[in-house]
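All remarks here apply to the structure that follows.
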Amino acid sequence: MKQSFLFTKTRREAPADEQSKNAKLLIRAGYIHKEMAGVYSYLPLGLRVLNNIIEIIRKEMNTIGGEEVLLTTLQDPEIWKKSGRWDDKDIDIWFKTKLKNGGELGLGNTHEEEITALMTEQIASYKDLPQYIYQFQNKFRNESRAKSGIMRTREFIMKDLYSFSADAASHNEFYERASLAYEKIFAQVGIGTKTYRTIASGGSFSKYSHEFQTICETGEDIIYIDDKKRIAVNKEVYDDPEVYATTGIDKKVLRKERAVEVGNIFTLGTRYSDALGLIYKDMEGKNIPVFMGSYGIGPGRIMGTLVEVLSDEKGIVWPEAVAPFKVHLLALAGVDEDIRTYAQKLYEDMIKKGIEVLYDNRDVRAGEKFADSDLLGIPWRVIVGKDTLTSGNIEVVSRADGTTEKKTRAEVLAL
């Protein structure tokens, strides 16, 4: 892509009504657009990052046996009434709408009910189990506050996977496989060393669940970390003696940190199977409720977290795996047509080599190009200037640590 073709523009100043670092930087860099409080649109660069994160998640979900679907956003109240989660007194974050011919619909805030009802038509026997169904779908939650940029929004994409197992033992085996897949995802997107599997409350589903919490000074949660075991305890269960008795964690060694939740895994048991009649016949012909689990990750929340924890005073710093482009090519041409010609040919050869490159071919000052490059956070900055023509060397700068190297044209094309 040539930068002169981008309809988005960078901003020097952050929006006055934004408090979070991620929203300020992403809006300034032209990755997102704020529609209203808690509602953001993804612009071309932002959508590339979001899709890269989604693809990493998708590959790991497929690896553990997941099958992808796309469920509806509009929700039938009757299904939710069966589980007891339609009334606003029970779920206070509903967005609901009226049909013109009467009656209500909900905009899905999660999809346990819908997927369970769907699977009653697919699962009848023990031979039909296990099943692991997932989707990337828009969720709508009427949050009372939305001050964390794209990390807490009223409309967002969620990867939610639901597991359907014959019993607790087979569920637990998959639960651990899903946990390991999550660890691989967070490592690939660049926050693996900062992210901890965290024991948390299981709510109405089970005694405990597990969150994946990333250390972040602006995070909404407090966690206590056991560095040796690489596990953490959420503040909500910190004073529960059973946590330490069952895990072997020594409460005395825990260190306190602020963190942001980037994923979670729940044991649902038969809560929804019982409510919606999801049963199977075992080998003896006996009716047994299906044992369920749910596993969520917010790609947008990961994107916001990356900006919160990896950015510096100059702007965003994207890990290579999720960056919108691998290389930011800058032509410091001015009125020099030879530099412009050299940069254009290098750009074309990068494309032929399969290098994802954003080419800053704009007729603006070098200082503005450097400032925008820092703000955009693309991993490698390749600079073509007068020295390139005289020495044959090209300056390559790492956005992650600022190191600069002189490389030959062949070396640049091998990035």
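We did not get these values from a lab; they are worked out from the coordinates using the rules stated. This one's a predicted model, so the numbers in the text were calculated from it and none came from an experiment. Quick reminder, even Gly has a Cβ in these numbers, built from the backbone with ideal geometry, and neighbours come from all protein chains shown.
Ordering S125, I93, I185 by the projection of their Cα atoms onto the charge dipole of segment 3-310, which places +1 on the Cβ of Lys and Arg and -1 on the Cβ of Asp and Glu, puts I185 at the extreme positive end.
How big, in percent, is the set of alpha carbon pairs in segment 372-415 lying more than 17 Å apart? Value for segment 372-415: 30 percent of Cα pairs lie more than 17 Å apart.
For segment 191-212 versus segment 49-70, the spacing of their alpha-carbon centroids is 21 Å. Listed by chain and number, the lysines whose alpha-carbon sits under 25 Å from that of K127, ignoring those within fewer than 8 places in the same chain, are K281, K286. The equivalent ellipsoid that matches the C-alpha gyration tensor of segment 131-271 spans semi-axes of 23, 22, 15 angstrom, in descending order. Counting neighbouring beta carbons within 10 Å and listing from fewest to most, the residues L99, L310 come out as L99, L310. Of the peptides 215-227, 62-74, 13-25, the order by per-residue mean of other Cβ atoms within 10 Å, starting with the highest, comes out as 215-227, 13-25, 62-74. A simple packing score, the average count of other Cβ atoms within 10 Å per residue, orders the peptides 254-267, 234-247 as 254-267, 234-247, with the highest score first. Distance from the Cα centroid of segment 76-93 to that of segment 156-185 is 25 Å (rounded to whole angstrom). With a cut-off of 9 Å between beta carbons, the residues surrounding V327 carry a summed charge of +1, where Lys and Arg count +1 and Asp and Glu -1. The lysines whose alpha-carbon is closer than 27 Å to the alpha-carbon of K256, local same-chain residues fewer than 8 away aside, are K21, K147, K184, K194, K207, K228, K229, K235. As a rough footprinting exposure proxy, the listed residues K352, K100 were ranked by other beta carbons within 10 Å of their own, and the order from fewest upward is K100, K352. Rounded to the nearest 10 degrees, the inclination of helix 337-352 to the longest alpha-carbon principal axis of the chain is 30 degrees. As a rough footprinting exposure proxy, the listed residues M119, M292 were ranked by other beta carbons within 10 Å of their own, and the order from fewest upward is M119, M292.
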